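Since the structure comes first, as structure tokens, the remarks are kept for the end.
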Amino acid sequence: MNLEAYQRILDDLKLDTDKKYLSLQMPIDGFDLNERKIFSHFHDAQGSRYWFRSKDGRYDSIGIKFQESIKRDKYSAEVLEEQKTSLFQKIQQVAVKDGMASSLGLFGGTRFDDKDTTDEWNDFGMVEFHLPKWQFDLANSELFYTVRTDEVDLDEILIDISDKLREIGAITPEPAQAPEVHMMKDIFPEEWKALVDEALGVLDDTDFRKIVLARQRLLTFKAQADPLYLLDRLNDESGTYTIYYEKGQSIFISKSPEKLFDIKDGVLRTNAIAGSAERTGVEATDEQQKAFLLNDEKNRYEHELVRESIVQNLEPYTEDIEFAEGPAILSNRYIYHLHTPISAKLAEDASLFALLDAIHPTPAVGGMPKDKARDYIMENEYGTRGLYAAPLGMIHENDDSEFVVSIRSMLLNSKSATLFAGCGIVRGSSSEKEHEETRIKFTPMLNVLGVEPE
Ligand SMILES: C=C(O[C@H]1C=CC=C(C(=O)O)[C@@H]1O)C(=O)O
């Protein structure tokens, strides 16, 4: 951090007091920072923090203290576009150096659906994207520091920030303890199997082709889980996204393997992920599992439905859609999936929020036809999905973005955690096998909690 050179930029800066915020972008490569130290330092901001790390490392972003948010009770692509434009118009963005890599982002997303509930999801609104005061871009070693223009002192600000960063870099957080489990139980397991059987009947009798049904597992602890412990455990599984999102008294966590889409320079990339087999850790068995998955008719059918539907949903917003003919194996720590990468050039007038609405929920988490499946889930599934299987991610002023389908996830409130896992029901599915598949899908979150899977 070349403070003198950066100060000269600020000395020449004309603060635009018509704007509500000044956002300073600066390099932070001279400081020894990581998520543990940052969260430990900003413990007072608990309830207003996030960490988002993408699978390929494009993002490793931490946000502290939400300054302002885009919020909606009902999804409207048009209104959200307007809100996003007007929020960025309120910000004077200043880089203290030329040629920096990243841009200021908003973190957030929408709930799975607009089921109106008063329940454990209350802390998370229907649609919310946040502008944090501190946004650490650890992937590019940059910081966005956003403050109100009527509170800023340009002579002091850089010294204050660098003092703070030095203080954070010097922290050695204490080792954190796993939460002690008091009770663990599946929520309505038999009723869930009966619902799968009922859905199989619906698939036989109607034009439904696929319904994804999720179930929950509840854990209670002797004391509230320590965020620093959870952050450590989130580093334990590579090859997945990391979402750690605090709002009010709640924490939502996901280790999803599934990208909803990303946009960079007008090109959209997504993938179809559906079809699953357990990864056992025993090499010979795992080879058989992969061969089974690639050749199994039910899994291939389930996968093709997902790919077909994503391509169809993208068509109005894109040109030149490309995808491989057959699926490949995606290996996660505990599970294999079939996956097909898809890419397309965005149409000139494609809007980010309209696109989000068109793609979510993919049949990997909703079903087919999309709207009917969403209604079926809302009416029949026990409880509320909230942020489970919902799109969460980062957006930027120029519409570059990345969204995750937040599966392999859980909600922590006070001394409890609710884990979510679902699976695609198509003709030929069996409720026993799907129950077993969801059991495997709880494993990533049990691992984050330091609980041995049974
Ligand atoms: C809905 C979930 O997984 C989806 C993603 C990949 C494979 C799936 C499957 O094979 O059923 C599911 O569609 C979940 O993990 O909760």
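Looking across Leu356, Leu387, one residue alone is out of contact with any Cys (no Cβ under 8 Å at 6 or more places or on another chain) and either of a type in the set (Asp, Glu) or not in a loop (DSSP other than H, G, I, E, B) (or both). It is Leu356. Within the range 370-387, not a single residue is more than 26 Å from Leu195 (Cβ to Cβ), within 20 Å of the chain's Cα centre (by Cα) and in contact (Cβ under 8 Å) with a residue 12 or more places away in the chain. Filter the range 413-430 for residues that are open to solvent by less than 20 Å² (accessible area, probe 1.4 Å) and either among the basic types (Lys, Arg) or in contact with a helix residue (DSSP H, G or I) (Cβ under 9 Å, 6 or more places away or on another chain) (or both) and give the result. The answer is Ala417, Leu419, Phe420, Ala421, Gly422, Cys423, Gly424, Ile425, Val426, Ser429.
Conditions (1) hydrophobic (A, V, I, L, M, F, W, C); (2) more than 26 Å from the chain's Cα centre (by Cα); (3) at pLDDT 95 or above, marked per residue:
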{"site": "Met1", "(1), (2), (3)": "yes, yes, no"}
{"site": "Glu4", "(1), (2), (3)": "no, yes, no"}
{"site": "Gly30", "(1), (2), (3)": "no, yes, no"}
{"site": "Ser61", "(1), (2), (3)": "no, no, yes"}
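Looking at the range 383-393, is at least one residue modelled with pLDDT under 95, more than 14 Å from the ligand (Cβ to nearest atom) and buried (at least 18 other Cβ atoms within 10 Å of the Cβ)? Yes. Hey, any hits in the range 30-46 for a residue that's among the polar types (S, T, N, Q), open to solvent by 20 Å² or more (accessible area, probe 1.4 Å), more than 19 Å from Ile161 (Cα to Cα) and outside any helix (DSSP H, G or I)? Looking through the range 30-46, at least one residue is among the polar types (S, T, N, Q), open to solvent by 20 Å² or more (accessible area, probe 1.4 Å), more than 19 Å from Ile161 (Cα to Cα) and outside any helix (DSSP H, G or I). Restricted to the range 408-454, and to residues there that are in a loop (DSSP other than H, G, I, E, B) and hydrophobic (A, V, I, L, M, F, W, C), the residue that is modelled with the lowest pLDDT is Val426. Of all the residues in the range 119-137, those that are open to solvent by 40 Å² or more (accessible area, probe 1.4 Å) and at pLDDT 95 or above number 2.
Applying the criterion of being part of a strand (DSSP E or B), polar (S, T, N, Q) and under 23 Å from the mean Cα position of the chain (by Cα) to the residues of the range 316-349, the residue that is surrounded by the fewest Cβ atoms within 10 Å (Cβ to Cβ) is Ser331.
Every residue, every condition in (1) within 16 Å of the ligand (Cβ to nearest atom); (2) open to solvent by less than 10 Å² (accessible area, probe 1.4 Å); (3) at pLDDT 95 or above; (4) under 22 Å from Asp186 (Cβ atoms), yes or no:
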{"position": "Leu219", "(1), (2), (3), (4)": "no, yes, yes, yes"}
{"position": "Tyr241", "(1), (2), (3), (4)": "yes, yes, yes, no"}
{"position": "Tyr244", "(1), (2), (3), (4)": "no, yes, yes, no"}
{"position": "Ser250", "(1), (2), (3), (4)": "no, yes, yes, yes"}
{"position": "Glu258", "(1), (2), (3), (4)": "yes, yes, no, no"}
{"position": "Asp265", "(1), (2), (3), (4)": "no, no, no, no"}
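Cβ-Cβ distances below 7 Å connect the following pairs, each with a first residue in the range 293-306 that is within 13 Å of the ligand (Cβ to nearest atom), a second residue that is open to solvent by 50 Å² or more (accessible area, probe 1.4 Å) and not in a helix (DSSP H, G or I), and a separation of six or more residues or different chains: Lys298/Gly428; Leu305/Arg209. When Glu432, Glu437, Glu348 are screened for being more than 30 Å from Gln83 (Cα to Cα), more than 14 Å from the ligand (Cβ to nearest atom) and among the acidic types (Asp, Glu), only Glu432 passes.
The values are calculated or read from the model by the stated rules, or taken from the named source; none is laboratory data. Just so we're clear, the structure is a prediction, and the values are computed from it rather than from any experiment. With ideal geometry, Cβ positions are generated from the backbone for all residues, glycine too; neighbour counts draw on all protein chains shown. Keep in mind that these areas ignore ligands, DNA and RNA; they rest on the heavy atoms of the full protein, side chains included. Shrake-Rupley method; radii C 1.70, N 1.55, O 1.52, S 1.80 Å.
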